[in-house]
Structures are given as C-alpha cells and as structure tokens.
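Everything on this sheet refers to the single structure shown next.
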Amino acid sequence: MAARKSSSKPNVSAEELLKYYKEMLLIRRFEEKAGQLYGMGLIGGFCHLYIGQEAVVVGLEATAKQGDKRITSYRDHGHMLAAGMDPGGVMAELTGRMGGYSKGKGGSMHMFSKDKHFYGGHGIVGAQVPLGAGLAFADRYQENARVTFTYFGDGAANQGQVYETFNMAALWQLPVIFVIENNQYAMGTAQNRSTSTPDLYTRGEAFGIRGETVDGMDVLAVKDAGDKAVKHCRSGKGPYILEIKTYRYRGHSMSDPAKYRTREEVQKMREERDPIEQVRSILLTKNYAIEDDLKAIDKEVKSVVNAAAEFSKESPEPNVEELWTDVCI
Amino acid sequence: MATEILMPALSPTMEEGKLSKWLVKEGDTVSSGDIIAEIETDKATMEFEAVDEGIIAKIVVAEGTENVRVNAPIAILVEEGERVTVVPTVVNAPVGLASGLQLSGPTPVATKVMPAPALELVPTSVELDWPEGTELRHQTVREALRDAMSEEMRRDDSVFLMGEEVGEYQGAYKISQGMLDEFGSKRVIDTPITEHGFAGIAVGAAFGGLRPIVEFMTFNFAMQAMDQIVNSAAKTLYMSGGQMGAPMVFRGPNGAAARVAAQHSQDYAAWYAHVPGLKVVMPYAASDAKGLMKSAIRDPNPVIFLENEILYGRSFDVPVMEDFTVPIGKARVWREGSDVTILSFGIGMQFAIEAAEFLSADGIDAEVVDLRSLRPIDYDTVLASVCKTNRCVTVEEGFPVGSIGNHLSAVIMERAFDYLDAPVINCTGKDVPMPYATNLEKLALVTTDEVVAAVKSVTYR
C-alpha cells in the first residue's frame, strides 16, 4: 500500500492548457460575482466560495468520461461549473429563483443535475461520503464501467462515517475515488489543531486503500494523479484516495472574519501558488498563447458570468405552489 | 439426585418452541457442553447443550413435539448409579405431551386482569383489501414479509436487500430466510455493523437508480443512521426541485420486544412520522405486512417500514393472489362500532382489539381503526369514524409527549370539535425509559386495562 507523492507532469497541449485556464477562470469569476451578489443581499444564507481551489475540480474533471458521477459537500459551485452545469442555473439557485437547478428550493448547498451526473451539494459534513460510495455501488451492481468522484474536505475526513465507508468500499471493491480537498482549515480550525495524523492520504491504509497526495494548486499534477486513480477504479481494483493539498482564499463562508490565519499567509499563497496564474505563466512562457489571447478569454468568461448574474436576478421567485411540490412523488 | 432438564428460553420473546430432535437417548452418558437436542424457535433452530454431567434417565418430551413451553421439563438427568424410581411431576407442559405423563401443577403465572381473547381476530363486516371470496391462507407476519420482498425482487432486478445478518445467518429475526439461496449475494448483502455507513451507501445507491431495502436489525440501531434517513433520503427530492430522490425502504423491528430494556425497546413511530419526505407504515396484520411491503418497495419515495418482533410469529389470513398490495395512506376499519372510536396501529392494535372485545361484553360497542400508515395518515377515515361515534381513544406503545395520539387529538379537535362528546384520551407507553424488571416493564407498556378504562371514561361509564 505504497502511498506517495505525485509530482510528475504530463505532456500537455496548448489546447488542453487553454481549456483548463478558461475553466478555472470561469469558477474564479463566478465566485467573485457570487460574493458581490451576496453583499448586495441577492444571495442569502450560507455561501461557501471555492476561490483558490479551482485546480482541483478542473484537473479531475479532465479525467472523467461521460456517465461518471460526482458528489461533494456544500462548497459546491466550482464542482458544478466544472461538470458542465449551466452558470445561469447555478447562480439563479444561489439567488433562490425559479430558474435555479432546484427551482430555488435547494440554495447554494443543495443543487443537483441528473443530466450532468452531479449528485449534490450536501450540507452535512461528511454525509456525502457514503452517498458517493452508494453511487459507485449502483454502478458496480449495474455492471457498467463508471466511476464516482466523492469529494470531501479535511474537516469531513474526521467524521466516523468516512471510515465506515472506506471499509465497505474496500470490502466490496467499489469504483469510487475519494477526493480529500485539504484546504488546511476545517471552518476555522487549522489541520494541526484537529487532526492527529496530518497525512490524510494514509487514512485508507488500514482498509487497504491506496492513496496519494497531490499539489492541488497545480492543475496538471491533479490531472495526472486523477488519471491514475480513474484507471485504478475503472479496472475494477476498488477505491482510491487522493489527498489534494489546496487553499481557499476566502473565508469558510461569507460570514467568516478569518481571524484564525494571517492576511500574509493568504497573500503569500495567492502570489506564489495561484493555480490560474501558474497556467497563465506556462501558456505565455511556452508561447502557447499571447496576452491578447488570454484577454479575449477573460472577456468571454466575464460575459458568461455577467449573463449568469443577470439571469439570476431576472428569473422570478418560485411560484408559491412550489412550497408544496416535490415533498413526495 | 435426579435433575430436570428444562426447555430453554432461546430468545427474549420466546415462550414456547419445538423440540425438533434428540441427539441422545435414554441411558446415554452426557457431559457438560455436549449437544443433546435441537430446538426450533420461531427465529431459528438452535443446538441445546447439557449443563451438567450424568445419565439421561428419561426423555420426557419426545422429539417432534411442538409448542413445548419454556421451563417445561424435557428430560431427567441422574448421576451414575442412581435410578429413577419416581417420575417427577411435569409442570407447565403443553397439552398433548408426547410422553403421556399426567399433567398437574399450577398453570403459568397470569397477571393479566382481562381474560385473553383470541388473538387472531378477523375484522367484522368491514371492507377488505381483497375481492370477496378470495382464497385465504393462514400465514405469519414473518412469512408475509419474506414473501413480499421475494415477490418484488423477482419482479424488479433493481431491488436488493442489505443489512446485518440478512444473508448467511438467514436474518436475525429470520425474515430473510432462504432469500440468499434464491437471489444470491449480489442482491442479499450482509453488511458490517455500521448503520450510519450502510444507510448512506443505500441512499446513494437509490440516487444511482437502484431500489434498496435496508434492514435494520432493530430500529433502535437506526438512530445511528438518522442523519442519512432524514437529511439525505427524505429531503433530497425537495432540495433537488424534484430531479432525484431516494426510492427505498428502511425496515426492521420497532418498539418493545421483551425484557431487553431501555436501549432496545423504543417505538419510533412518532419520530419518523414527523419528517416530510418520508412515508411511514406500521402494520399489525400479516396481510397488511405483505401488501404494504410490496407497495413500499414500489413507492418512489423513502418508506419507513416499522415491524414488531412480537408480531412476527402471529398468524393472520392473507389472500392468495398473484399480486396483492395494500395502498400506503389508507386506514382499515378493523371492527365496526357505534359508541367509541379506538385508533391504533402496529402492536397497539392488539390492546385495542382486546379492549373492544372486553368492552362489548359490557355493552360498549367500540369501532377499532388500524391506521396502518402514519405518513400520510388517512384523516378521512379517522374523522368519519369519530363523527359517527363522537368519542375517541388512541392507543400506541410510544412515549406520550409528541405522540401520534397527540397529533390525532389535535386534528380531531380542529376538524371535528362539535362532534366530540368527550375529550380524546391518548393511551401510550409511560414517560420513562423502558425498565428491565418484568413487573416494571409491564407497567411501562400500554395495557388493555388502560384502554378499557379510557373508553369507560370517554363514554362516562
């Protein structure tokens, strides 16, 4: 059960890099806009932004095939955009409108898309882990070659049901990739204050689950590790753990004053490790793109996000009849 | 000195069993730990070991004898050199004992005040869930549940059963007996003891297009899985705007068994009935167990199916039909009457029916309504009955605060206030954790006496 660090970088084409750049930028700009709309009172309740963690979902989605499933926690906007869900539908759910993916009844933390095989959006820390293994259970039962990406954070990694799930996933050889997005803070609690053994990728060893740690600020490293994990799962060898070291720039939620870390720590990460800047730099130094190309992408992304925001404001509130629908079929 | 080997109690609820086979004969020498007999309970066939050494002087109960009461002597053990000269008196043995010994001695201690009426009552002149003239078969609740699950698994490949001991052990309460043989380990899945985890996996499998049946060994253990049942299974359809939900069944025994104390004796009916997004059923009769189980498996929503260990071995008429279902959300008028409505469900029906029989001798004509479904509740049937009788008593095993009875009382007050001639009385379990001691346990549970007293109170007798 050798657990090790993945560092090799695959050869990557200009086309792929530009795609990752654009996808990460879409998430970044979308989240910035969501932050603005929250400030304007258009989005209510809890709103957990993904800014800083974009490389994780973009790198892993690049390894998925049609029909593969994904499920995550409440910090879910990035996962939905990376899975190809419509930014307007996501934003309209954030504003609680009829045009949202859940007709305004789910909100930021509870969104789903059967079409895109996105199974939520779950608000209870860790609860999505057995659910994700259950999706993989269904695939194994139906004897198809699908895999399920089950995302959770370093905070959820201390929930008991995660280990109940590891046991059964290994026992039944379920095709599930456990993606631990380690952004170093479980809400306001730093990992070294909550976790007796910091190497989360080793947490599956007791169950015979292979794991590795990945630089989550490097989309190519994530893609590389994801390819290996997917290959392992798809070939019927059971579950796989990826501990992806990442960092969230914003607070846990919009109401987080972030007193538990210094402004300098965040600033240093942004300046030195930013996943989007890293790709931008490769694109320019390798002459895969010139500044004007990237500006054009920036402009395109901005217009997509603006259109999503407009849609989310114009979409009507749900009909009052919606209060009573979808409780039971 | 000769000692009696007594019929052992092999489960908390066992009162009698079948002595299937003797593995020793008269004159054999046995040592402590030797297997001397096989005893069949309603749950399983168990080997019975000698606890003393000696010689089997007499086999009192022949093999193949059914309904041997717990603590009845089944053999006489003597020490070497000793001879049995006097056949001891057999106390508390069943009628028709194969040994032909004279029966004498006291009958089992009876503390019940009410004369016990026949338990297998058939509803009197009320609508049935099957066509008139349908052939009926006497079947236990246990068999009915197994038949329902098996029929649905034959019908739909996406239905599977998972839980602790459902497969190789043949079910902790024998509900899934034989199912592993028929459906294989892909569809009858033994899980580790990990309720929170496997409940979550089952909900995920339901999201993924399957129709899981999750057996909780008892609903006490489902407390570990409450988050997945309530937050994941019940709410996802709503939270997804109708895109996806969890078509599945959570089932298992609920409520008090016998002498298993506080952590294993709780009725969760009111807890689950509280949650929008769930359906909740709690059958009493075997026909309802069967018909509702089949409906629950086909239902596109998560269904909580509350069974009862004490009822598993009870027999009722079950219609012999190709595809018999009972709709969820429909109550059954078990007994028609004009003086008072007794509303109950699950094991509570036993007390409701006993009370009604007792009251009829006293000239009080009680209507007994079995709710069967607790979410949704068939308010129409409840209100129609109360508007007819003008008086109502509710009966359930659960705790009194926030009970199903409380809710029914409120609905009746709001919607039929002018029809009431007396306040509604809720008969419930007592507001204490279940005690272990026999006498205290009996006091903690709802009783027929209490139902009778409540009815007399609302009828001013």
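The values are calculated or read from the model by the stated rules, or taken from the named source; none is laboratory data. What you are looking at is a predicted structure, and each value in this text was computed from that prediction instead of being measured. Quick reminder, even Gly has a Cβ in these numbers, built from the backbone with ideal geometry, and neighbours come from all protein chains shown. Areas reflect the complete protein model, heavy atoms only, side chains present, ligands, DNA and RNA absent. Shrake-Rupley method; radii C 1.70, N 1.55, O 1.52, S 1.80 Å.
Distance from the Cα centre of region B:1-72 to that of region A:290-310, in angstrom?
Distance between centres, Cα-based: 83 Å.
Report the Stokes-Einstein translational diffusion coefficient (µm² s⁻¹, integer) for chain A, Rh taken as the Kirkwood radius over Cα pairs, at 25 °C with viscosity 0.890 mPa s.
Stokes-Einstein gives a translational diffusion coefficient of 122 µm²/s.
Compute the FRET efficiency between A:R263 and A:V320 as 1/(1 + (r/R0)^6), taking r as their Cβ-Cβ distance and R0 = 45 Å, and round to the nearest 0.05.
So the FRET efficiency works out to roughly 0.50.
List, in the order given, every pair from A:K114/A:K295; A:K19/A:K103; A:K69/A:K231; A:K228/A:K295; B:K21/B:K174; B:K18/B:K330 whose Cα-Cα distance in the structure shown is over 26 Å.
Long pairs (Cα-Cα over 26 Å): A:K114/A:K295; A:K19/A:K103; A:K228/A:K295; B:K18/B:K330.
Among B:V382, B:G291, B:T341, flag the residue with its Cα farthest along the positive direction of the charge dipole of region B:290-421, charges on Cβ as +1 for Lys/Arg and -1 for Asp/Glu.
Final value for the positive-end residue is B:G291.
Could you bin all the Cα-Cα distances of the protein assembly as shown into 20 Å bins starting at 0 and give me the percent of pairs in each, rounded to whole numbers?
In order of increasing distance, the bins hold 15, 38, 29, 14, 3, 0 percent.
Output the 0 to 90 degree angle, nearest 10, between the alpha-carbon long axis of helix B:195-207 and the longest principal axis computed from the alpha carbons of chain B.
50 degrees
Taking 56 Å as R0, compute the FRET efficiency from the Cβ-Cβ separation of B:L6 and A:D292 and round it to 0.05. Write out the running numbers ahead of the final one.
Values: r = 95 Å, r/R0 = 1.70.
With R0 = 56 Å, the Cβ-Cβ based efficiency is 0.05.
Among A:L200, A:G67, A:A307, pick out the residue whose Cα is farthest towards the positive end of the charge dipole of chain A, where Lys and Arg carry +1 and Asp and Glu carry -1 on C-beta, about the Cα centre.
Farthest towards the positive end: A:L200.
Normalising by the residue count of region B:332-458, find the relative contact order in percent from Cα pairs under 8 Å and 6+ residues apart.
29 percent
Send over the per residue convex hull volume for region B:129-208, Cα only, as a whole number of Å³.
Dividing the Cα hull volume of region B:129-208 by its residue count gives 128 Å³.
Inside 10 Å of the C-beta atoms of B:227-240, what's the mean count of C-beta atoms belonging to other chains?
For peptide B:227-240, the averaged partner shielding equals 6.
Taking a 1.4 Å probe, which of B:L136, A:L294, A:L171 shows the most accessible area, and what order do the others take after it? Spell out each step's value before the answer.
Values: B:L136 75, A:L294 0, A:L171 105 Å².
In descending accessible area the options line up as A:L171, B:L136, A:L294.
Once each part is reduced to its C-alpha centroid, what is the distance from region B:148-187 to region A:45-78 in angstrom?
37 Å
What is the diffusion coefficient of region B:315-461 in µm²/s, taking the Kirkwood radius over Cα pairs and the Stokes-Einstein relation at 10 °C with a viscosity of 1.306 mPa s?
101 µm²/s
Kindly report, to the nearest 10 Å², the accessible surface of B:H196 as traced by a 1.4 Å probe over protein heavy atoms only.
The value for B:H196 is about 40 Å².
Quick one: Kirkwood hydrodynamic radius for chain B, alpha-carbon pairs, angstrom, one decimal? Intermediate values should be presented prior to the final figure.
Working: mean 1/r = 0.0419 Å⁻¹.
Evaluated over chain B, this radius sits at 23.9 Å.
How large is the accessible surface of B:L23 in square angstrom, using a 1.4 angstrom probe and rounding to the nearest 10?
Approximately 80 Å² of B:L23 is accessible to the 1.4 Å probe.
For region B:196-298, just list the percent of Cα-Cα distances falling in each 10 Å bin from zero outward, please.
Each 10 Å bin holds this share of Cα pairs: 14, 46, 32, 7, 0.
Suppose every Lys and Arg Cβ carries +1 and every Asp and Glu Cβ carries -1, with no other charges. What dipole size does region B:315-358 come out with about its Cα centre, to the nearest 20 debye?
180 debye
Evaluate the relative contact order of chain B (contact order divided by residue number), counting alpha-carbon pairs under 8 angstrom at least 6 apart; express in whole percent.
Relative contact order here is 12 percent.
Shielding of A:321-329 by partners, i.e. mean partner chain Cβ atoms within 10 Å per residue?
Mean partner shielding for this stretch: 6.
To test your reading of the geometry: what angle, between 0 and 90 degrees and rounded to tens, separates the Cα axis of helix B:141-155 from the longest principal axis of chain B?
Helix B:141-155 sits at roughly 60 degrees to that axis.
Where is the GNM fluctuation largest for chain A (alpha-carbon springs, 10 angstrom cutoff): A:R146, A:R193, A:R273?
A:R193
Can you find, among B:G197, B:L10, B:Q177, the residue farthest towards the positive end of the dipole of chain B? Put +1 on the C-beta of Lys and Arg, -1 on that of Asp and Glu.
It is B:G197.
What is the helix-to-structure angle for B:448-458, meaning the angle in degrees between its Cα long axis and the longest Cα principal axis of chain B, kept from 0 to 90 and rounded to the nearest 10?
Taking Cα atoms only, the helix is inclined about 30 degrees.
Measuring from centroid to centroid over Cα atoms, what is the spacing of region B:374-453 and region A:133-203 in Å?
Taking the Cα centre of region A:133-203 as reference, the centre of region B:374-453 is 45 Å away.
In debye to the nearest 20, how big a dipole does region B:1-65 give about its Cα centre with +1 on each Lys and Arg Cβ and -1 on each Asp and Glu Cβ?
120 debye
Can you give the three extents of the C-alpha atoms in region B:3-78 along their principal axes, from longest to shortest, in whole Å?
31, 20, 18
About its Cα centre, how strong a charge dipole does the protein assembly as shown have in debye, to the nearest 20, once Lys and Arg get +1 and Asp and Glu get -1 at the Cβ?
My answer is approximately 3020 debye.
If you take the beta carbon distance between B:K25 and B:R154 as r and set R0 to 35 Å, what does 1/(1 + (r/R0)^6) give as a FRET efficiency, to the nearest 0.05?
0.20
Of B:D34, A:D218, which has the most accessible area and how do the rest follow, probe 1.4 Å?
Order by accessible area, largest first: B:D34, A:D218.
Given a 1.4 Å probe and heavy atoms of the protein chains only, how would you sort A:H79, B:H138, A:H232, largest accessible area at the top?
Reading off the accessible areas and sorting them downward yields B:H138, A:H232, A:H79.
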